[in-house]
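What follows is a short report on a single structure.
The values are calculated or read from the model by the stated rules, or taken from the named source; none is laboratory data. No experiment lies behind these values; they were computed from the predicted model shown. Please note: Cβ atoms are built from the backbone with ideal geometry, for glycine as well, and neighbour counts cover all protein chains shown.
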Amino acid sequence: MNSSLHVSVQVANQAVRVVLKKDGAAVREVVGDHLDLEEAAAGVYRVEVFMVGHPLLRADVPWILSNPIFVGSRQEVAPAEHVTTIRAQLRPRAEWFKR
């Protein structure tokens, strides 16, 4: 089952470039305030928004970087349950300030 992804950005008086990445590779890019991807295949997507021509921001550094967007599902083998015990040993209070 595929999903559709819709991105909308509202910035007053500033052009933006919106890049949609799937599994780390750019799949769609627009200079504008919205981006649509119909029938997105399963994978992990991320949206990056760049300011175009802003005098104080570098054009190659994202202004907005989304959290991962998970589309579809994958069956993964769950790791065996593993428990780690951590023990802390404190010195008696009277020894805290001794050196």
Might you check whether a residue that is loosely packed, with under 10 Cβ neighbours inside 10 Å, at negative phi and not in a strand (DSSP E or B) occurs anywhere in the stretch 3-21? yes
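Please verify whether the stretch 34-54 includes one or more residues that are free of Cβ contacts under 8 Å to residues at least 24 places away in the same chain, out of contact with any Phe, Trp or Tyr (no Cβ under 8 Å at 6 or more places or on another chain) and in a loop (DSSP other than H, G, I, E, B). Don't jump to the end; show me each part of the working.
Kept after step one, since they are free of Cβ contacts under 8 Å to residues at least 24 places away in the same chain, are these residues of the stretch 34-54: none.
The answer is no; no qualifying residue exists.
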Just for the stretch 63-72: of the residues that are in contact (Cβ under 8 Å) with a residue 24 or more places away in the chain and assigned to a loop (DSSP other than H, G, I, E, B), which one is surrounded by the fewest Cβ atoms within 10 Å (Cβ to Cβ)? P68
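Yes or no: E29 at positive phi, part of a strand (DSSP E or B) and modelled with pLDDT of 85 or more? Can you show your working first?
Numbers: at positive phi: no; part of a strand (DSSP E or B): yes; modelled with pLDDT of 85 or more: yes.
Answer is no for this residue.
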